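Below is one structure, written out as structure tokens, with a few remarks after it.
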Amino acid sequence: MPADATALPNYETLLVTLDARVLTVRLNRPQRLNAVVEALYQELLDVLRIAQQSPQVRAVVLTGEGRAFCVGADMKAHGSAKRTLFQRRAYLQLGNDVCEAITKLSKPVVAAVNGYALGA
């Protein structure tokens, strides 16, 4: 996928817009208060990569759709999943990768926290 922020892909768990060189990333699982699932982590990594590589992006705003910013892991999804130890570790690593991508981004990242913000 090209790092052209003017041609942003459609995501399952994120709403992403570019306006005045600010990339706004909305966690888009309002029915679950933006609880985190694996796809959300993967999509965040993708959009952060685009933000890093794109000259059209000067800053990133991270927020949540609906009445919550994020309530942490989606325990309903995790409780019903049968995962091996390796799969559980891979999921935790994805979370670490997202945090690392945010802290290493060469552009400012602002969290616009709306509503609930829970989890570790």
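Worth a mention:
- Cα long-axis angle, helix 38-53 against the chain (0 to 90 degrees, to the nearest 10): 20 degrees
- Qualifying aspartates and glutamates (Cα of each under 16 Å from Cα of LYS104; at least 8 residues distant if same chain): ASP46
- Fewest-first ordering of VAL60, VAL110 by other beta carbons within 10 Å of each residue's beta carbon gives VAL110, VAL60.
- Candidates LEU27, LEU85, LEU14: whichever shows maximal mean-square fluctuation once the chain is modelled as a Gaussian network with Cα springs under 10 Å: LEU85
- For the stretch 62-120, the orientation-averaged shadow of the C-alpha convex hull comes to 4.9 nm² (one quarter of the hull surface).
- Cβ crowding within 10 Å, taken as a proxy for footprinting-reagent exposure, orders GLU12, GLU43, GLU38 from fewest neighbours to most as GLU12, GLU38, GLU43.
- Amide H to amide H distances under 5 Å link LEU14 with ASN28, where only residues 5 or more positions off or on other chains count and H is placed in the peptide plane.
- Here is the tail figure for the chain: Cα pairs spaced more than 19 Å apart come to 46 percent of all pairs.
- Fewest neighbouring Cβ atoms within 10 Å first, the residues SER106, SER54 line up as SER106, SER54.
Each value in this text was obtained by applying a stated rule to the coordinates, not by laboratory testing. All figures in this text were calculated on a predicted structure; none of them were measured in a lab. Every residue, glycine as well, gets a Cβ built from its backbone with ideal geometry; the counts of neighbours run over all protein chains shown.
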